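Working notes, structure below.
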Amino acid sequence: MKPKATYLSDFVSLLFPELCAACGESLMASEHLLCTGCLYTLPLTNFHLQPGNIVAQQFWGKIKLEGAYALYYFTKGGKVQNLMHAFKYKGVKQIGNLLGEIAGAQLVKNDIFKTVDLVIPVPLHKKRMRQRGYNQSACFAEGVAQKLNAEVELNNLVRPTATETQTHKSRFDRFNNMQEVFSIIHPERLVNKHVLLVDDVITTGSTLEACGAQLLKIEGLKLSIATIAYAE
């Protein structure tokens, strides 16, 4: 016989079912955040298996990367957009940890990413951090680092200067908007380290480029990047 607490949980789930963050369908008792269908059918890029992938190409001639990766393809109106909206704007920060673990499990299959020492999330300005309550890139970083057996380095790469939203800017304007925005407080902690810089979505790559340019000023630092989604 089921315990009373289990019956109560089942009753509450019946009245207020947990929904898949990607497709919006009700989740089964054994599912969490994503339904099994979405978990196995969301559009993986497999960029970790392609040395000259599209993300890597965006940085050719700009910053030197050891590896470049995005977990999913992002399309307007698609399931990945729904997932990212719930993650960034509805406070479902556990999505970041889950996607980080999925991405980390992919990356650990590639020898380049096996040598990562530190995972650094693209930082938010303190004003944006207060508004949102959490840094979505840091949530993703935690999941990735767990699978790569690496450490998350928080509050070293910082964003002391607030910038305008990048959403409707051209690539040129995005690049100018990000100049001299980021700084590093303790560069000595990053000397001779392989750093994985992570963010949520990559479009033009201007934010990652600006962060990477600062990190690569550090002696012996090797840089790779990973994001949750790549917007075509």
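The values are calculated or read from the model by the stated rules, or taken from the named source; none is laboratory data. On a predicted model such as this, the values are computed, not experimentally measured, just so you know. Cβ coordinates were reconstructed from backbone atoms using ideal geometry, including for glycine residues, and neighbour counts include every protein chain displayed. In case anyone asks, the SASA skips ligands and DNA or RNA and just uses the protein heavy atoms, side chains included. Shrake-Rupley method; radii C 1.70, N 1.55, O 1.52, S 1.80 Å.
Give me the number: length gained by fully extending Thr36 to Lys64, i.e. 0.36 nm times residue separation minus the C-alpha to C-alpha distance, one decimal in nm. Walk me through the intermediate numbers first.
On the way: separation 28, 0.36 × 28 = 10.08 nm, distance 3.75 nm.
Stretched out fully, the Thr36 to Lys64 stretch lengthens by 6.3 nm.
Approximating the spin labels as points 7 Å out from Cα along Cα→Cβ, the Gln50-to-Met28 distance works out to 3.2 nm. Tilt of helix 136-148 relative to the longest C-alpha principal axis of the chain, in degrees (0 to 90, nearest 10)? With rounding to tens, the tilt is 90 degrees. For the chain, find the longest principal axis of its Cα atoms and tell me its angle to the long axis of helix 94-107, 0 to 90°, nearest 10. Taking Cα atoms only, the helix is inclined about 60 degrees. Rolling a 1.4 Å probe across the protein heavy atoms gives region 4-162 an accessible surface of 55 Å² per residue.
With n ≥ 4 as the cut-off for DSSP H runs, can you work out [θ] at 222 nm for the chain, using -39500 (n - 2.57) per run divided by the number of residues, rounded to the nearest 500? Show your work: numbers first, answer last.
Values: 10 runs with 89 residues, N = 232.
Per the formula, -11000 deg cm²/dmol.
How long are the three semi-axes of the equivalent ellipsoid of the chain, in whole Å, if each is the root of 5 times an eigenvalue of the C-alpha gyration tensor, listed from largest down? Walk me through the numbers before you get to the answer.
Values: eigenvalues 212, 72, 64 Å².
Equivalent ellipsoid of the chain: 33, 19, 18 Å, largest first.
Compute the normalised compactness of region 111-151: alpha-carbon radius of gyration over 2.2 N^0.38 Å, N being the residue count. Please report the intermediate quantities before stating the final value.
Numbers: Rg = 12.2 Å, N = 41, 2.2 N^0.38 = 9.0 Å.
Relative to the 2.2 N^0.38 Å estimate, region 111-151 comes out at 1.35.
Could you work out the relative contact order of the chain, using alpha carbon pairs under 8 angstrom and six or more residues apart, expressed as a whole percent? Please list the in-between numbers first.
Values: 409 pairs, mean separation 49.5, N = 232.
Relative contact order comes out at 21 percent.
Near Ile184: Cβ cut-off under 13 Å, other residues only, Lys/Arg at +1 and Asp/Glu at -1. The net charge is 0. Between the alpha-carbon centres of region 195-232 and region 79-110 there is a gap of 17 Å.
Give a quick list of chymotrypsin sites (Phe, Trp or Tyr not before Pro) in region 49-122 that DSSP marks as loop, anything other than H, G, I, E or B, with at most 13 other Cβ atoms within 10 Å. Display every interim value, and only then the final one.
Working: sites: Phe59, Trp60, Tyr69, Tyr72, Tyr73, Phe74, Phe87, Tyr89, Phe113; in loops: Phe59, Trp60.
Filter output for region 49-122: Trp60.
Shown for the chain: the carbon plus sulfur share of the solvent-accessible area, taken with all protein chains present and a 1.4 angstrom probe, equals 54%. If R0 equals 35 Å, the separation of the Cβ atoms of Met129 and Gln81 corresponds to a calculated FRET efficiency of about 0.90. Each Lys or Arg adds one and each Asp or Glu takes one away; over the other residues whose Cβ falls under 15 Å from the Cβ of Gln81, this sums to +2. Around the amide H of Val119, modelled in the peptide plane, lie the amide H atoms of Glu151, Val152, Glu153, Leu196, all under 5 Å away and 5 or more residues distant in sequence or on another chain.
Quote the FRET efficiency, to the nearest 0.05, computed for Gln146 versus Glu180 with a Förster distance R0 of 25 Å and r equal to the Cβ-Cβ distance. Intermediate values should be presented prior to the final figure.
Details: r = 33 Å, r/R0 = 1.32.
My answer for the efficiency is 0.15.
Taking the charge dipole of the chain about its Cα centre, with +1 at Lys and Arg Cβ atoms and -1 at Asp and Glu Cβ atoms, the residue from Tyr134, Val144, Thr203 reaching farthest to the positive side is Tyr134.
Taking 0.36 nm per residue of sequence separation and subtracting the Cα-Cα distance, how much length would be gained by fully extending the chain between Tyr89 and Val108, in nm to one decimal?
On the way: separation 19, 0.36 × 19 = 6.84 nm, distance 2.95 nm.
Result for the pair: 3.9 nm of gain on full extension.
The value obtained for region 73-169, namely the Cα convex hull volume divided by the number of residues, is 122 Å³ per residue. Only beta bridges with both residues in the chain are counted; by DSSP, about 20 percent of them are antiparallel. Across Gly61, Gly96, Gly220, mean-square fluctuation computed from a Gaussian network of the chain (C-alpha pairs under 10 Å connected) peaks at Gly61.
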